[in-house]
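The values are calculated or read from the model by the stated rules, or taken from the named source; none is laboratory data. Here the structure is a predicted model, which means the values were calculated and not measured. Reconstructed Cβ throughout: ideal geometry from the backbone, glycine too, with neighbour counts over all protein chains shown. Heavy atoms of the whole protein, side chains included, go into the accessibility calculation; ligands, DNA and RNA do not. Shrake-Rupley method; radii C 1.70, N 1.55, O 1.52, S 1.80 Å.
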Amino acid sequence: MQLINSENITIDNLSFPGNSDENINASVLRLDKIHPVISGNKWFKLRYYLDEAKYLNKKTIVTYGGAWSNHILATAAACKINEFNSIGIIRGEEIENLSSTLLQAKDFGMKIVFMNRNDYQNKIIPLEINTDECYMIAEGGYGKKGAIGASTILKNFTVENYTHICCAAGTGTMAAGLLNGLSADQKLIAISVLKNYLEIENKIKALLETHTKNLTVIHDYHFGGYAKYKPELIQFMNDLYTHSNTPTDFVYTGKLFYAISDLIKKNYFPKESKLLIIHSGGLQGNRSLNKGKLIF
Ligand SMILES: *Cc1c(COP(=O)(O)O)cnc(C)c1O
């Protein structure tokens, strides 16, 4: 699968607003620079699913997500570029005014099908979808091929020197992929953005071929749950942008950067730690916020 603008990805030094701990060195991997609306990690998670779909000669990709889903939009774009038809099954009753995410997905040629929350929960496949012709990708791209794709995120960078890799986790697929590439003495810190999604550790382990002893999932920074937020999160995101010119999204990366900043303040990381924070993109989702909340 074709990857767009991967040469734009950089590793930048990062200092947090209000933190002055000189014993901790933090850098950020800017996957968000791949594309302004097509989320960073999603390209990596999709690549091997699409390769398999092509191999199986499937013409249409079907996947699931919410009205502001980064995964839905990235799938629509990737399908357009790689000449697949795409169908997005969207959680909730049909709405008249589509979100900007869904409008954009439609522009990429995706067919939008709404599904009530009950059927969605049960991952019902609508009758109009012929499963012989379609290739199904799970919600959020969860699965082994997604993890193998995510394990290529760090491939073009020298990362041995980092003691901790830090990322946001929704389904945990990216976390599983990142873990695959780490050495035994590097740690992966995954900030879960869902409330009390304690099964995530087993979900991550189910995708791994290797040891998992260097995984830590932290559940304390969900701000009320998936896509929920509090004023202090928005304030932090604005401060981070002013201080270090790093835009974040309120669903994933804002919570990640907030968590890491807070953990540094609480002396969670040993002295001389070198952190690599994965900016996994997702900025398009900020369009669901009222105008003026964010300064970027
Ligand atoms: C989807 C997404 C994640 C979560 O990835 P998972 O593999 O589902 O854990 C993190 N950050 C951003 C910006 C995303 O869009």
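Brief remarks follow.
- DSSP assigns beta bridges within the chain; of those with both partners inside it, close to 10 percent run antiparallel.
- Under Karplus coefficients 6.51, -1.76 and 1.60, residue-wise ³J(HN,Hα) of the stretch 150-165 in Hz, glycine/proline x: 5, 5, 8, 4, 8, 4, 8, 10, 8, 10, 4, 6, 7, 7, 9, 9
- Estimated from helices alone, the mean residue ellipticity of the chain at 222 nm is -9000 deg cm²/dmol (sum of -39500 (n - 2.57) over DSSP H runs with n ≥ 4, per residue).
- Accessible surface of the chain, 1.4 Å probe, proportion on carbon and sulfur as whole %: 46 percent
- A simple charge model with +1 on the Cβ of Lys and Arg, -1 on the Cβ of Asp and Glu and nothing else charged puts the dipole of the stretch 80-150 at about 340 debye relative to its Cα centre.
- Of the trypsin sites (Lys or Arg not before Pro) found in the stretch 75-182, those in coil by DSSP whose Cβ has at most 14 other Cβ atoms within 10 Å are K123, K155.
- Residues considered: N245, N82, N122. Largest GNM mean-square fluctuation over the chain, using C-alpha springs under 10 Å, is found at N122.
- In this Cβ point-charge picture (+1 for Lys and Arg, -1 for Asp and Glu), the chain has a dipole of about 80 debye about its Cα centre.
- Dipole of the stretch 177-296, positive end: most advanced residue of I200, S273, Y221 [Cβ charges, Cα centre]: Y221
- Axis of helix 70-81 versus longest Cα principal axis of the chain: the two differ by about 60°, to the nearest ten degrees.
- Sequence-distant aspartates and glutamates (8 or more away, or on other chains) whose Cα lies within less than 15 Å of K228: D220, D249
- The value for the stretch 41-141 of Rg(Cα) / (2.2 N^0.38 Å) is 0.98.
- Cross-linked pairs K80/K291; K59/K291; K42/K205; K54/K144; K45/K111; K106/K195: Cα-Cα separations exceed 27 Å for K80/K291; K59/K291; K106/K195.
- Solvent-accessible area per residue for the stretch 41-141 (1.4 angstrom probe, square angstrom): 50 Å²
- Table column - 3J(HN,Hα) (Hz), the stretch 252-262, Karplus curve with 6.51, -1.76, 1.60, x for Gly and Pro: 10, 6, x, 5, 4, 5, 4, 4, 5, 4, 5
- Whether the chain is rounded, prolate or oblate, judged on the alpha carbon gyration tensor where a/c under 1.5 counts as rounded: prolate
- The long axis of helix 231-244 is offset from the longest Cα principal axis of the chain by roughly 70 degrees.
- A Gaussian network model of the chain, with springs between Cα atoms under 10 Å, assigns the largest mean-square fluctuation among T60, T101, T158 to T158.
- Three-way shape label, the stretch 149-190, alpha-carbon gyration tensor, a/c 1.5: oblate
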